[in-house]
Amino acid sequence: MQNHHSQNHTMRMLKLRDVISKCQISRSTIYDKLDQKSKRYDPDFPKPRKLGMNSVAWVENEVEQWLKNLPYH
């Protein structure tokens, strides 16, 4: 039986420091983009996934897609 998710063969997860470095924005900017009350809120910014009690990570493909869709790229 074929696996329909074969194109997602590896879903790399990025820790906060990797997102900071890939997007070239600060930790506080990332959390502002996630905060609906912030002036810098971005509904398109990828949401972190909970990995454990005190651990989150972002899906690398979602971060790359967000970067591709930025108006100044």
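What follows is calculated from the coordinates using simple rules that are stated; it is not laboratory data. What you see is a predicted model, and the numbers here were worked out from it, not measured in a lab. Here the Cβ is made from the backbone with ideal geometry for all residues, glycine too, and neighbour counts use every protein chain on show.
Filtering region 47-58 to residues that are surrounded by 14 or more Cβ atoms within 10 Å (Cβ to Cβ) and within 18 Å of residue 70 (Cα to Cα) leaves only 58.
Quick grid of which residues meet (1) part of a loop (DSSP other than H, G, I, E, B); (2) surrounded by 11 or more Cβ atoms within 10 Å (Cβ to Cβ); (3) of a type in the set (Lys, Arg):
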position	(1), (2), (3)
18	no, yes, no
25	yes, yes, no
30	no, yes, no
33	no, yes, yes
45	yes, yes, no
63	no, yes, no
67	no, yes, no
72	yes, no, no
